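Only the coordinates and a few stated rules stand behind these numbers; no lab work does. Only a predicted model underlies this, so the values are computations on that prediction, with no experimental measurement involved. Cβ placement follows ideal geometry from the backbone for every residue including glycine, while neighbour counts extend to all protein chains displayed.
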Amino acid sequence: MSSPSGLSQERLSRMHALMSGFVERGEVPGIITLLSRNGETHVDVVGSKSIGGEALHRDSIFRITSMTKPITAVATMILVEQCKLRLDDPIERWLPELADRRVLKRIDGPLDDTVPAHRAITLRDLLTFRQGFGLIMQPSSDWPIQKAIDAAQLNIGPPKPRTPHSPDEWLRRLGTLPLMYQPGERWMYNVGTHILSVLIARASGQSLDAFFHEHLFEPLGMKDTSFVIPSEKRSRFVSSYWVNEKTGALELHDGVEDSVWNSAPAFPDGTAGLVSTVDDYLAFAKMMLNGGKLGNERILSRLSIEAMTTDQLTAEQKATSAFVPGYWDTRGWGFGIGILTARDGSSSVPGRYGWDGGYGTSWGNDPREDMISILFTQRGGFPLSSPVWLDFWTAAYQAIDD
């Protein structure tokens, strides 16, 4: 039998059994799944907050890592709508540290073997991750640019460990390094939203944390989303695990009492720094699906949401952008957000947009189906290689019964 949401109760039970199986086999301590369709929300909670620990609850708090990126993109577009920023203006006005860029002749070459950048980096480049500098996906430990990134403690990979630098010092250090590629040439992960973290603060005159709270979290009622876990909420925080590649066993990555999220970061990280709950993120997702509005709160215009969720990458840029083999065949990138562009299975629906968190979270909005899907776990790893992630998306779409 299907509910008013058009989701089958029998098939939702199938998803529950699938997710429970991962917990029972010890592949993940706990899982929260959320499906919201046609105004009706189904939430399922299984397992515990840590291995052998207390039961997981709907209001448990998770590290959402890269699911921070869409929030940062929305914050940026708020400033665009306020005319404090313009998409195609150079960012040098606010970030002079990134003026007059030099570009490596080859990414594995000497740091002084460079050419001038063809043009300045723009705000659009940052939102679309075409700033010319980012996370190197292939092995690169011996490359001079990777050694320089490590020496500068820019920490542009996972959110733990954090960079020890303030936003201004982090940007100063980044500005001493050449770009890896010409601005606009190709997509490179992570660094665009690191830079936006500094830009939002400077353009708004507020800290990133304060801007997020005033313009997003408070209007949307996201009361448990922040860059730090207050002591009074620590009992709701989950432990984070990583999968040992050799044994397949879960190993503790970040605990609760000793978590780096227990203290405020030197650099509030709009790339991967937030913690949140499924209901907080549901509020954000509803605002996006409703064209920028939740209840009486208008966060962005419908046209800005449409721009954010439109593929901004050219075929040439995708062809030169390293990520995962075959990834760009069915996917694109908007403003701080991933977009499905082609169907390659029942759960890969063109038009669905969202993003994942490398510590085990995932979110997608499907405008055609009027559906929001959210997965929260504590199992780290690349989403496309996670059986939990793969089965969740299959189970979410097989539950549709109308």
Under a plain spin-label model, where a point goes 7 Å from the Cα along Cα-to-Cβ, how far apart in nm are S235 and A210? 3.3 nm
Going by amide H atoms built from the backbone, whose H comes under 5 Å of the H on L111, apart from near neighbours? none
HN-Hα couplings for the stretch 222-228 via Karplus (6.51, -1.76, 1.60; θ = phi - 60°), in whole Hz with x for Gly/Pro, come out as 8, 6, 10, 9, 6, 8, 8
I'm spelling it out carefully: the read-out is Cα extents along the principal axes in Å, the candidates are (1) 62, 56, 39; (2) 63, 45, 42; (3) 66, 48, 45, and one was derived from this structure. Which label? (2)
Could you tell me the distance between the Cα centroids of the stretch 277-299 and the stretch 334-393, to the nearest Å? 18 Å
For the chain, set up a GNM with springs between Cα atoms under 10 Å and report which of L250, L126, L179 has the largest fluctuation. L250
Using a 10 angstrom cutoff on alpha carbons, build the Gaussian network for the chain and name the most mobile of L18, L34, L85. L18
Excluding residues on the same chain fewer than 8 positions from K49, give the lysines whose Cα lies under 28 Å from its Cα. K69, K160, K223, K233, K246, K286
Where labels lie 7 Å past Cα in the beta-carbon direction, separation of N296 and E169 in nm: 4.5 nm
7 Å from Cα along Cα→Cβ at both M137 and D402: what's the point-to-point distance in nm? 3.7 nm
Could you give each residue of the stretch 170-178 its phi-based ³J(HN,Hα) in whole Hz, using Karplus coefficients 6.51, -1.76, 1.60 with θ = phi - 60°, and x for Gly or Pro? 4, 5, 4, 5, 4, x, 7, 9, x
Could you identify which residue out of S240, S207, S141 has the top mean-square fluctuation in a GNM of the chain using Cα springs shorter than 10 Å? S141
Apply 1/(1 + (r/R0)^6) to the Cβ-Cβ distance of A17 and R106, taking R0 = 51 Å, and write down the FRET efficiency to the nearest 0.05. 0.50
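Can you give the extra length, in nm with one decimal, that the chain gains between Q146 and R343 once fully stretched, where that is 0.36 nm per residue apart less the Cα-Cα distance? Before the final figure, lay out each step's value.
Numbers: separation 197, 0.36 × 197 = 70.92 nm, distance 3.61 nm.
Gain in length upon complete extension: 67.3 nm.
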Enumerate the amide H contacts of I121 below 5 Å, restricted to partners 5 or more residues apart or on another chain; note that Pro and chain-start residues carry no placed amide H. I91
How long is the gain from R202 to L303 if the chain were fully straight, where each residue apart is worth 0.36 nm and the alpha carbon distance is subtracted? 33.8 nm
